[in-house]
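Everything below concerns the one structure shown next.
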Amino acid sequence: MSERNNIETKENEAVLSSGGGFTAFSFGNYHIRFKAPYSLERYVDVVNWDDGYLVVLAKYSHKVEPEEEYIDLKPILAGLYIDSVAFLKPIKTVRVAYA
């Protein structure tokens, strides 16, 4: 398994992954899971990271090519009573990990 596919993170790097019908966002000691769209096969790439807002390429079972998808982590973090400002501030990059 290559380093890019490994779930271990660098100091200021978060990891986005999917599996079992869920999206996972991992950073530090946090591993946050939330329901993914039913047809999501995998995340392909992170196009942009902007303080909790992700633009990603996602591969869906009903599409041949990956399509752009958007994930806003702030309302998810708020629902989990996690201070989004403190949680998101140290994150500089996000990469996709494959299970």
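The values are calculated or read from the model by the stated rules, or taken from the named source; none is laboratory data. Because the structure is a prediction, the values reported are computed rather than measured. Cβ sites come from the backbone with ideal geometry, for glycine too, and all protein chains shown count toward neighbours.
Below are the figures for this structure:
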item	result
Extreme residue, surrounded by the most Cβ atoms within 10 Å (Cβ to Cβ), among residues of the stretch 33-51 that are among the hydrophobic types (A, V, I, L, M, F, W, C) and more than 16 Å from Lys92 (Cα to Cα)	Ala36
Condition met for Tyr98 (of a type outside the set (Gly, Ala, Ser) and at pLDDT below 95)	yes
Residue list for the stretch 58-88, restricted to those being among the aliphatic types (A, V, I, L, M) and without any contact (Cβ under 8 Å) to a residue 12 or more places away in the chain	Val64, Ala78, Val85, Ala86
Enumeration of residues in the stretch 58-84 that are farther than 15 Å from Ala14 by Cα and either part of a strand (DSSP E or B) or aliphatic (A, V, I, L, M) (or both)	Ala58, Lys59, Tyr60, Val64, Glu67, Glu68, Glu69, Tyr70, Ile76, Ala78, Leu80, Ile82
Those residues of the stretch 37-70 which are under 13 Å from Val96 (Cβ atoms) and touching a Ser or Thr at 6+ places or on another chain (Cβ under 7 Å), in sequence order	Leu40, Glu41, Arg42, Tyr43, Trp49
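The rows are residues; the columns are (1) modelled with pLDDT of 95 or more; (2) of a type outside the set (A, V, I, L, M, F, W, C); (3) under 13 Å from the mean Cα position of the chain (by Cα).
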site: Asn12; (1), (2), (3): no, yes, no
site: Gly21; (1), (2), (3): no, yes, no
site: Ala24; (1), (2), (3): yes, no, yes
site: Ile32; (1), (2), (3): yes, no, yes
site: Pro37; (1), (2), (3): no, yes, no
site: Val46; (1), (2), (3): yes, no, yes
site: Tyr53; (1), (2), (3): yes, yes, yes
site: Val56; (1), (2), (3): yes, no, yes
site: Ala86; (1), (2), (3): yes, no, no
